[in-house]
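Okay, so here's the structure we're looking at.
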Amino acid sequence: MRRLYFDHAASTPADPRAVRAMQPYFSRAFGNPGSLHYYGQEAIAAVDAARERIGTLIGAKHFREVLFTSGATEANSLAVRGAVAFFRGAHPGVARPRIIISSIEHESVSEPAQALAAEWGADVVALPVNREGVVDIVALKDALSPETALVSVMHVNNEVGTVEPLREIRFMIDAFRKDRAAGAHPGPYPLFHTDAAQSFPYYYLDTELLGVDMMTLSSHKTYGPKGVGALFVRRDDEAFGGAGGPGTAAGFPLAAQTLGGGQEFGLRSGTENVPGIVGFAKAAEIAAAARGKTSLRVAALRNDLWRRIKTAVPAAEINGTAGDAKAPHILNVHFPGHPAQDLLTRFDRMGLAASSGSACRARAAAPSHVIEALGHPKARAAESIRFSLGKGTTGRAVAAAARIIEKAVAAAAR
Ligand code: PMP
């Protein structure tokens with residue numbers, strides 16, 4: 001049976017060129033980047049070259065602004081927990097620092113925030129989104145307070161594909177920072193973090209243009225290996241130059257959450273995943289070079305898939321937006337009256353792989369909080385399926401997938 005993969009938002013196949021680039025770093029150039037001898041030098045040179053490459057691709061000013069992690073989950077956790085811990089250290093007078101997130105964040109952002117609420121009473125505000133999944137800017141304006149340590153809003157939502165208005169958010173934060181510069185808590189807060197795990201193959205992520213202080217990336221969503229990601233952290237020597245002590249690094253508003261050998265400038269201990277980091281950088285370079293073409297082609301295929309689904313199943317509806325504020329690779333469809341799990345099982349038996357939303361939650365089989373946050377009832381969340389395309393998806397695969405969807409829905413209705 002021919003298999004059709006429509007779950008690229010869960011993971012992408014590693015590009016063979018990225019795999020080739022990794023090869024020497026398993027058994028030949030295998031040294032520990034922390035070692036001072038030849039083997040160590042060889043390894044640290046590879047890690048730092050990868051850091052430079054990724055830093056250049058995202059407009060980082062300094063190569064130290066890229067911290068490698070085990071993936072987007074760890075990067076998000078470090079951003080939320082690390083930035084808020086640092087804020088608390090710098091502002092002991094603020095009893096309950098505020099964390100503003102959107103109501104459609106990935107669990108790797110929302111759960112660390114909720115954990116801080118449970119641990120010491122962090123004040124977590126989840127901003128509503130509209131039907132299309134766009135975060136409510138007015139609600140952000142109302143939520144910003146002198147006690148706010150962090151605003152974290154994702155770039156592309158992983159379930160419905162909505163692209164969030166990061167620049168508008170940044171302008172609002174900038175205005176707020178200026179207004180309160182003379183107030184009770186002057187300083188560079190709130191920090192602005194974005195989870196861009198889904199974005200890299202499709203969007204030019206210039207941290208300067210986006211105006212973010214921190215940004216999360218994931219290798220395996222961008223045709224690199226699994227188990228590696230990065231957190232961009234903007235360096236600001238003026239504001240954070242005095243940072244000191246274990247788990248901090250001068251210029252960075254972050255407190256390490258993993259302590260030990262002091263790798264990644266003291267902000268993320270643990271021997272670096274050298275092959276993974278090399279593969280990630282290679283994959284990122286390849287993806288960035290092909291971005292414009294990939295985006296147009298994948299968006300056209302995605303639109304074609306939607307047209308075919310709508311013709312075959314007229315009751316089907318898009319979740320999120322059908323308009324421009326949508327990443328090219330994601331299509332989330334409500335099939336009224338059809339439990340997603342039932343359809344997904346039928347699809348899989350016929351060779352089509354899709355998902356009901358986040359792969360991280362698939363095992364728990366909980367209905368999507370994202371679809372509900374768009375203002376839809378729970379029932380709709382349980383009847384919705386995400387199809388996500390990739391650079392290897394072809395027009396023939398789209399046509400074949402649409403035929404399977406038509407057959408499966410017809411069979412389920414009998
Ligand atoms: N954030 C988003 C938006 C994601 O889609 C994912 C992957 N489902 C993650 C974070 C977690 O990424 P990783 O698998 O690299 O930990």
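Values computed for the structure shown
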read-out: So Val138, is it away from the ligand (no atom under 16 Å from the Cβ), in the same structural domain as Arg167 (by TED's automatic domain parsing) and in a loop (DSSP other than H, G, I, E, B); value: no
read-out: Residue match in segment 18-25 (condition: closer than 30 Å to Arg403 by Cβ, touching a helix residue (DSSP H, G or I) at 6+ places or on another chain (Cβ under 7 Å), within 16 Å of the ligand (Cβ to nearest atom) and not β-branched (Val, Ile, Thr)); value: no
read-out: The one condition in (1) in a loop (DSSP other than H, G, I, E, B); (2) away from the ligand (no atom under 16 Å from the Cβ); (3) in contact with a Pro (Cβ under 7 Å, 6 or more places away or on another chain) that Ile173 fails to fulfil; value: (1)
read-out: Residue in segment 298-310 that is part of a helix (DSSP H, G or I), among the β-branched types (Val, Ile, Thr) and under 19 Å from Ser384 (Cα atoms) present; value: yes
read-out: Residues of segment 266-286 satisfying the condition of being crowded, with 18+ Cβ neighbours inside 10 Å and on the phi > 0 side of the Ramachandran plot; value: Gly266
read-out: Count - residues of segment 117-135 that are buried (at least 22 other Cβ atoms within 10 Å of the Cβ) and part of a helix (DSSP H, G or I); value: 0
read-out: Conditions (1) part of a helix (DSSP H, G or I); (2) away from the ligand (no atom under 16 Å from the Cβ); (3) touching a helix residue (DSSP H, G or I) at 6+ places or on another chain (Cβ under 8 Å); number of the one not met by Thr56; value: (3)
read-out: Filter pass, Ile371 being at pLDDT 95 or above, of a type in the set (Val, Ile, Thr) and either surrounded by fewer than 19 Cβ atoms within 10 Å (Cβ to Cβ) or outside any helix (DSSP H, G or I) (or both); value: no
read-out: Matching residues, segment 186-219, being outside any loop (DSSP other than H, G, I, E, B), in contact (Cβ under 8 Å) with a residue 60 or more places away in the chain and within 13 Å of the ligand (Cβ to nearest atom); value: His193, Asp195, Met215, Thr216, Leu217, Ser218, Ser219
read-out: Candidate set from segment 66-81 (those that are in a helix (DSSP H, G or I) and more than 9 Å from the ligand (Cβ to nearest atom)); member that is farthest from the chain's Cα centre (by Cα); value: Arg81
read-out: Residue selected from segment 324-350 under the condition assigned to a loop (DSSP other than H, G, I, E, B) and over 21 Å from the mean Cα position of the chain (by Cα), by the criterion nearest to Pro367 (Cα to Cα); value: Pro339
read-out: Single condition Ala83 does not satisfy, out of (1) in contact (Cβ under 8 Å) with a residue 60 or more places away in the chain; (2) touching a helix residue (DSSP H, G or I) at 6+ places or on another chain (Cβ under 9 Å); (3) of a type in the set (A, V, I, L, M); value: (2)
read-out: Given (1) surrounded by 15 or more Cβ atoms within 10 Å (Cβ to Cβ); (2) away from the ligand (no atom under 16 Å from the Cβ); (3) in a loop (DSSP other than H, G, I, E, B), index of the condition Ala14 fails; value: (2)
read-out: Filter result for Ile318 (aliphatic (A, V, I, L, M), more than 24 Å from Tyr223 (Cα to Cα) and at pLDDT 95 or above); value: yes
read-out: Tally of residues being in contact with a strand residue (DSSP E or B) (Cβ under 7 Å, 6 or more places away or on another chain), in a helix (DSSP H, G or I) and among the hydroxyl-bearing types (Ser, Thr, Tyr) across segment 82-110; value: 1
read-out: Residue, farthest from the ligand (Cβ to nearest atom), within segment 82-127, restricted to residues that are under 25 Å from Ser218 (Cβ atoms) and among the charged types (D, E, K, R); value: Glu111
read-out: Residue within segment 55-73 that is without any contact (Cβ under 8 Å) to a residue 40 or more places away in the chain and farther than 22 Å from Arg235 by Cα present; value: no
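Residues are listed down the side, and each one gets a yes or a no for (1) touching a Leu at 6+ places or on another chain (Cβ under 7 Å); (2) of a type in the set (A, V, I, L, M, F, W, C):
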{"residue": "Ile100", "(1), (2)": "yes, yes"}
{"residue": "Ser103", "(1), (2)": "yes, no"}
{"residue": "Val109", "(1), (2)": "no, yes"}
{"residue": "Ala117", "(1), (2)": "no, yes"}
{"residue": "Pro128", "(1), (2)": "no, no"}
{"residue": "Ala139", "(1), (2)": "yes, yes"}
{"residue": "Asn157", "(1), (2)": "no, no"}
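The values are calculated or read from the model by the stated rules, or taken from the named source; none is laboratory data. Note that the coordinates shown come from a computational prediction; the quantities given were computed from them, not determined experimentally. Glycine also receives a Cβ, built like all others from the backbone with ideal geometry; neighbour counts cover every protein chain displayed.
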